[in-house]
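Let me begin by presenting the structure, written as structure tokens, before commenting on it.
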Amino acid sequence: MTPHGCDPPSLSCRDLVDLVTDYLEGAMDPATAASFERHAHDCPPCLEHLEQMKLTVRAAGGVSDEAITPEARSALMERFRDWNAGRGG
Ligand SMILES: [Zn+2]
């Protein structure tokens, strides 16, 4: 339960990586998709990841969890950590 039910949920970078396949499949509800797009717009590493996933999906002809290898995923998380460390603080 949240005190402000009307606030849209905000996504973390990790959420975005987890949800990118749902987003590309159109399996995401519109409110979450809006949060997803807003996050990607404000977060260059996520936007780049989204663009790369679009290309991967187009090349593979479909979306699969296997599109993200564990290696790629951990490399991505390293970049997110650098990005988050570099913005303010
Ligand atoms: Zn992000």
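Read-outs: derived from the displayed coordinates by stated rules, not from any lab. Model, not experiment: these values are computed from the prediction. Cβ: placed from backbone, ideal geometry, glycine included. Neighbour counts: every protein chain shown.
Some observations on this one:
- Shape category assigned to the stretch 13-86 from the gyration tensor of Cα positions, a/c cut at 1.5: oblate
- About the centre of its Cα atoms, the stretch 13-86 shows a dipole size close to 160 debye [charges on the beta carbon of Lys, Arg (+1) and Asp, Glu (-1) only; nearest 20 debye].
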